[in-house]
Amino acid sequence: MSISEDRERRYQDILDYVRYLEQRTQEMEAEIALLRREVKYYKQEIDKLMAPPLIEGVLLEVLDEDRAVVKSTTGPNLIVSISGNVDKEKLLPGTYVVLNQRGSAVVDILPMREDPAVRAMEIIEKPKTRYGDVGGLNKQIQELKEVVELPLKNPNALKELGIEPPKGVLLYGPPGCGKTLLAKAVAGESDATFIRLVASELAQKFVGEGARMVRELFALARRKAPSIVLIDEIDAIAAKRLDIGTSGEREIHRTLTQLLAELDGFDPLDNVRVIATTNRIDVLDPAILRPGRFDRVIEIPLPDLVGRLEIFRIHTKNMKTGGDINLNVLAKMSEGATGADIKAICTEAGFTALRNGRMYVTYEDFVNAIRKVLKDRFRPYSNEVEYLPEMRDSEGKRLVI
Ligand SMILES: Nc1ncnc2c1ncn2[C@@H]1O[C@H](COP(=O)(O)OP(=O)(O)O)[C@@H](O)[C@H]1O
Ligand SMILES: [Mg+2]
């Protein structure tokens, strides 16, 4: 190898090495940039972690230009000042506000919360439930079509006719017979937003917030109109009382007063309808049944034989069955059962099949499920039983006493 060739090779080697170093520099610069960003992120996180917490409160009353009464969520009512940058227009009683960490001034306003997981509300934009999912309540469905669905769908037709639909409808009857289900079906059929407030939960979980929740509920219903507001189990806030002594009772009374004010306040022709349900119509404060409030009362009774048959049909529609299942007989056998009982019977029959390693449900599974779900309420219609061959199990033993 000549000297010049040797030089040339060394020169190439060095050049390669320089290229390699240049590339490494670029890579490392990119890494530095990345790490810088990370450092910045963690510094911000540290700042967040080190910042003293602010306090959440509920505004009760604005006293004057720069003072307000706020109920802090941690304790007593406070009289605090209002910081200059807070929009005073928005400071309505019931708004959530942020207090500085000393709890001495309102420094910000929190947005209205609609998160149904946090509140006692359930919101379904357009429920899929249909009248076909409700068994044995044809008369009631017809009535609800007229007083709720039709006005919601054709507000103008009613206006032209000069008819005012009832503002509120009360559904009453024993538990588990389809009140909540029916209200949801009406919303589904009316293409309306379904907003459900469970009054008993409101009374238990949201002490001190009932009135505001009711106000928020109606504001939400108007924003999402057409909508159906369901006040489920309204007796929890609308039972008549002999005295309103304790603070808890006063609070519940305030909630009811707010509800009545909302009902009285809204235009019967705007696109919000209110349905309430109760298992105990006898304990309701008559004030809620006055004209212009819940003035249409519909009974949702225990299903009769035909009703039970329909409900059995609905809940067995998607079940895989083996052999002939005589739903008529099942309906007869389950006298006194509610819709919820029948649903439980069908589920139980399905599980019995599974437990026995079968992928289909038999007639016997149903009979046993009826006995299990209804327990002492189980009254076999004994004279007819004798004549029904399918009332015996595979060994010919009678299934019903
Ligand atoms: N009439 C019915 N038709 C079909 N299913 C029913 C009926 N009544 C009750 N159910 C079943 O029982 C469940 C509970 O009923 P629900 O509507 O909550 O009763 P309520 O509100 O009257 O206490 C329903 O989700 C449904 O599965
Ligand atoms: Mg209910």
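Stretching Glu164 away from Arg222 to a fully extended chain increases their span by 19.0 nm, per 0.36 nm per residue minus the current alpha-carbon distance. Each principal axis of the Cα atoms in region 55-109 has its own extent, and those three values, largest first, are 25, 19, 16 angstrom.
Available extension along the chain between Tyr17 and Val69 is 11.3 nm, counting 0.36 nm per residue and deducting the alpha carbon span. All Cα-Cα distances of region 142-183, cut into 5 Å bins from zero to the largest, leave 5, 20, 28, 18, 13, 9, 5, 2 percent in each bin in turn. Each label point was placed 7 Å from the Cα along the Cα-to-Cβ direction; for Val297 and Ile32 their separation is 8.3 nm.
For the residues Arg358, Arg36, Arg377, a GNM of the chain with alpha-carbon springs under 10 Å puts the largest fluctuation on Arg36. Take the Cβ atoms of Arg355 and Lys317, set R0 to 22 Å, and the FRET efficiency comes out at 0.50. Using alpha carbons only, the radius of gyration of region 142-228 set against its Kirkwood radius gives Rg/Rh = 1.01. Across all directions, the average projected area of the convex hull around the alpha carbons of the chain is 40.7 nm². Stretched out straight at 0.36 nm per residue, the stretch from Glu143 to Tyr42 would grow longer than its current Cα-Cα span by 30.1 nm. Could you work out the longest stretch of the chain that avoids the GluC sites (Glu not before Pro) located in DSSP loops with at most 10 other Cβ atoms within 10 Å? After excluding every exposed loop site, the longest remaining stretch is 66-385. Label sites at Glu89 and Asn279, each approximated as a point 7 angstrom past Cα along Cα to Cβ, lie 4.8 nm apart.
Counted over all Cα-Cα pairs of region 305-391, pairs farther apart than 17 Å make up 41 percent.
Averaging over all projection directions, find the projected area of the Cα convex hull of region 1-73 and quote it in nm² with one decimal place. Write out the running numbers ahead of the final one.
Details: hull surface 37.0 nm².
Dividing the Cα hull surface by four gives the mean projection, 9.3 nm².
Averaging the sequence gap over all C-alpha pairs within less than 8 Å and six or more residues apart, then dividing by the number of residues, gives the chain a relative contact order of 13 percent.
Readers should treat all values here as calculations from the given coordinates under stated rules, not as data from a laboratory. Keep in mind that this is a model prediction, so the values were computed, not measured. All Cβ positions, glycine included, derive from the backbone under ideal geometry; neighbour counts span all protein chains shown.
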